[in-house]
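The structure under discussion appears below in the form of structure tokens.
Readers should treat all values here as calculations from the given coordinates under stated rules, not as data from a laboratory. Given the structure is predicted, the values throughout are model-derived calculations rather than measurements. Here the Cβ positions follow ideal geometry from the backbone for every residue, glycine too, while neighbour counts run over all protein chains shown.
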Amino acid sequence: MSWLLKIPFVDHERQEQLVRESGLDWVIARPTRLRGGPAQGQYVRKTDIEPVPGSISRADVAAFLVEACETDAWVGKAVQLRGVRA
């Protein structure tokens, strides 16, 4: 399967590199599989990259993005997001 995703992952890595080199304050949100539905209000935020099964609602990703705008805690970090419930 890696051959199928090779080009998209190279593009993804390039996009993140451009963000990091922009000279701006930045936060990269890396949600796991997105799902619909309401926000659960509970989700895991990690700056370590690890294989994470599960999913997160789009509403919870939006909540994190608002949080990231309101605090400096995540500036300069790539944050992996996953819901507490699958």
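Using the rule -39500 (n - 2.57) for each DSSP H run of four or more residues, divided by the residues of the chain, the 222 nm mean residue ellipticity is -12500 deg cm²/dmol. Legend: P(r) of the chain from all alpha carbon pair distances, 5 Å bins from 0, whole percents, reading 3, 14, 21, 22, 20, 13, 6, 1. Along the range 25-40 the Karplus relation, 6.51 cos²θ - 1.76 cosθ + 1.60 evaluated at θ = phi - 60°, assigns HN-Hα couplings of 6, 9, 9, 9, 9, 10, x, 6, 3, 7, 9, x, x, x, 5, 8 Hz to successive residues, with x for each Gly and Pro. Residues whose amide H comes within less than 5 Å of that of Ala78, counting only those at least five positions distant or on another chain, are Ile28 (H built at 1.01 Å from N in the peptide plane).
Summing +1 for each Lys or Arg and -1 for each Asp or Glu, what net charge is found among the other residues whose Cβ lies under 14 Å from the Cβ of Arg14?
Numbers: positive: Lys6, Arg20; negative: Asp11, Glu13, Glu16, Glu21.
Surrounding charge for Arg14 is -2.
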